[in-house]
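Okay, so here's the structure we're looking at.
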Amino acid sequence: MQNKEIVISVKNLTKNFGTRRILNDLSLDIYQGETVVIMGGSGCGKSTFLRHLIGAIRPDHGEVWMFGKNIAKASDEEMDEIRKKYGMLFQSGALFDSLTVGENIALPLREHTKLDENIISIVIKMKLELVGLRGFEDLMPSQLSGGMKKRVGLARAIVMDPAIVFYDEPTAGLDPVMTGVVDKLTIDLTKKLHITSVVVTHDMNSVFRIADRIVMLHQGNILQIGTPDEIRHSKNPLVQQFITGDAEGPISFVQQGDDYLEHLTSEIKE
Amino acid sequence: MILFLESIGKLTQSFFKESTQILLLLSQTLYWVFLGPFKKKPVSRKGFFFQTVFSGPSSVLIVFFVDFFIGMVLAMQSAYQLEQLGAAIYVAALVGVSMTREIGPVLTSLVIAGRVGAAITAELATMKVTEQVEALETISLNPVRYLVAPRFLALLIMLPCLVVLGDLVGMFGGYLIGIFNLGLSSGLYIDTTIEFLTVKDIMTGLLKGAVFSMIISMIACYQGLSTEGGAEGVGRSTTKSVVTSFILIIVADAILTAVFYFAKT
């Protein structure tokens, strides 16, 4: 890796929900300007991991360093300042139903800056242009398709010109063309705005299109971190099964290891 | 038997846990309402105004209907007894005092809990399950300041106003019964109503309205914001919000009535 600045540093992150260990001793450094994809099967802990990165959940053990602060222990005021420097795109866009598209995008500006309304109006148009939705300012979220909602969500995430953008399954539920559009936007933004992108997804086409590095999680552990090429040629059977989408393999879809016959007949009474 | 005790234990535990959470929400709401402005983070005026319009003027019609008919029923029921004693005129006194002390505040609040309370819970619950509440947090907008405080304030101001409306409308219903069914004279009916009303009756009624408004807004917001589980969760929260509000309003009414009218010093 080139000698770039580290923007996020995770050290020995561990999280339990009750007695279940969700994340187990995770460590990861994310560099400025790269696109890191976090992937894994359902229930591997990737959404929980993402929420630790944005400071929404605090770990039981370990540290999460962002912008020089350990956000696992930051105060509310410190978190407020840090949140202005990152943006997040939620799975369904999470647009505020009662506001128009323009009002949704401008909300962070109106609350955290003293910008003139005329300037805000221009910024809204600029961000909409970036995501390919010129002229949509006055529509309500309920009038948008799924793909449009995500693009507006992305416009809102970048309105404060953040240094990092987090994406939670950005292509979930989108058709292949729309997926390509969102992927292209992700790549363009990273290049044009020099931001760092952290994407949680399990859409393999997206992953190989956009990633500089890939982190594969499985049941709360990091299996492998590597470039797309390294992951493609991984010797780890779990990684290979995930990439190829094979239903048969070490990642089992049957949750328990019971003997099937015993399980079927266990309740038969003599 | 053990299962029965277990379930009582669990219920009590969750009751205390939820009560603490709701009181916590109340303290945060009061913080944003009273201390927020001093920290340059006041409650949004636009949001507050919108909520006021929604909970107040839009509820006038249903409050009018419910309280008007109850006022008439009160008059009819009491007239039945009082006429036989030749004391029909006291219908005016009875309707006036019961509307202002009890029926106005309690009935209006129950109606508002069903209308405004349910709507608040449904809206906040939907926002919760579509990640909008989480989105607010990532933009550093505190959900209590942005969502709960405007609704709390709006109801606090509007419900006593609606109670006043309900009181008047109920007394008007009784008035119509008195004039047209009981043959009482208009002037005498109004004079009797005023004669038997005390400031204490009206003030305790308004105070009850204010307390009930806090119950409705806190329960509605808490249930909405703690929803889990998609569309089914929204429905569950909304039902729980209305039922809990109803029960707590009646219990609070009993306590307040005892404090104002029953406690012997």
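Throughout, read-outs are computed from the coordinates displayed, never taken from laboratory work. Everything quoted here is computed from the prediction, not taken from an experiment. Neighbour counts are summed over all protein chains in view; Cβ atoms, including those assigned to glycine, are modelled from backbone coordinates with ideal geometry.
Points to keep in mind about this one:
- Antiparallel DSSP beta bridges within the protein assembly as shown, as percent of all bridges there, nearest 5: 55 percent
- Overall form of region A:6-71: oblate. Here a/c, set by the Cα gyration tensor axes a ≥ b ≥ c, is 1.5 or more, and a/b is not larger than b/c.
- The trypsin sites (Lys or Arg not before Pro) of region B:5-57 that DSSP puts in a loop, and whose beta carbon has at most 15 other beta carbons within 10 Å, are B:LYS40.
- Once the Kirkwood radius over Cα pairs is known for the protein assembly as shown, the Stokes-Einstein relation at 25 °C and 0.890 mPa s delivers a diffusion coefficient of 90 µm²/s.
- Cross-link partners of A:LYS15 among aspartates and glutamates (Cα-Cα below 17 Å; sequence separation of 8 or more within a chain): A:ASP25, A:ASP60, A:GLU63
- When only the Cβ of Lys, Arg, Asp and Glu is charged (+1, +1, -1, -1), the dipole of region B:186-243 relative to its Cα centre reaches about 200 debye.
- Note on A:LYS125: lysines with a C-alpha under 28 Å away, same-chain residues under 8 apart excluded, are A:LYS84, A:LYS85, A:LYS114, A:LYS149, A:LYS150, A:LYS184, A:LYS191, A:LYS192, B:LYS41, B:LYS46.
- Calculated [θ] (222 nm, deg cm²/dmol) that DSSP helices of n ≥ 4 give over chain A, each run adding -39,500 (n - 2.57): -10500 deg cm²/dmol
- The length gained on full extension between A:ASP80 and A:ASP161, counted as 0.36 nm times the residue separation minus their Cα-Cα distance, comes to 27.6 nm.
- Förster radius 45 Å - calculated FRET efficiency between A:LYS184 and B:LYS17 (Cβ-Cβ, nearest 0.05): 0.40
- Of all DSSP beta bridges confined to chain A, the antiparallel ones make up roughly 55%.
- Residue-wise HN-Hα coupling along region B:131-139, computed from phi with Karplus coefficients 6.51, -1.76, 1.60 (Hz; x: Gly, Pro): 6, 5, 5, 5, 4, 4, 5, 5, 8
- For region B:87-110, the residues whose backbone nitrogen is under 19 Å from a point 7 Å from the Cα of B:TYR261, taken along Cα to Cβ, are B:90-110.
- In sequence order, calculated HN-Hα J values of region A:16-27 (Karplus, 6.51, -1.76, 1.60; Hz; x Gly/Pro): 10, 10, x, 9, 8, 7, 8, 10, 10, 6, 8, 9
- Going from the fewest other Cβ atoms within 10 Å to the most, the residues A:ARG232, A:ARG134 appear in the order A:ARG134, A:ARG232.
- Estimated Rh, region B:42-259: Kirkwood, alpha-carbon pairs, angstrom: 18.4 Å
- Cα shape, region A:128-208, gyration tensor, a/c 1.5 rule: oblate
- The value of relative contact order for region B:8-101, using C-alpha pairs under 8 Å at least six residues apart, is 14 percent.
- Chain A, relative contact order [Cα under 8 Å, separation at least 6], %: 23 percent
- Efficiency of FRET between B:ILE8 and A:ASN12 - r from beta-carbon atoms, R0 56 angstrom, step 0.05: 0.85
- The alpha carbon gyration tensor of region A:1-130 gives principal lengths a ≥ b ≥ c with a/c of 1.5 or higher and a/b greater than b/c, which makes the shape prolate.
- Over region B:115-191, the pair-distance histogram of Cα-Cα distances with 5 Å bins from zero comes to 3, 12, 15, 14, 10, 8, 7, 7, 6, 6, 5, 5, 2, 0 percent, rounded to whole numbers.
- Using the Cβ-Cβ distance between B:VAL53 and A:ASP29 with R0 set to 60 Å, the FRET efficiency from 1/(1 + (r/R0)^6) comes to roughly 0.70.
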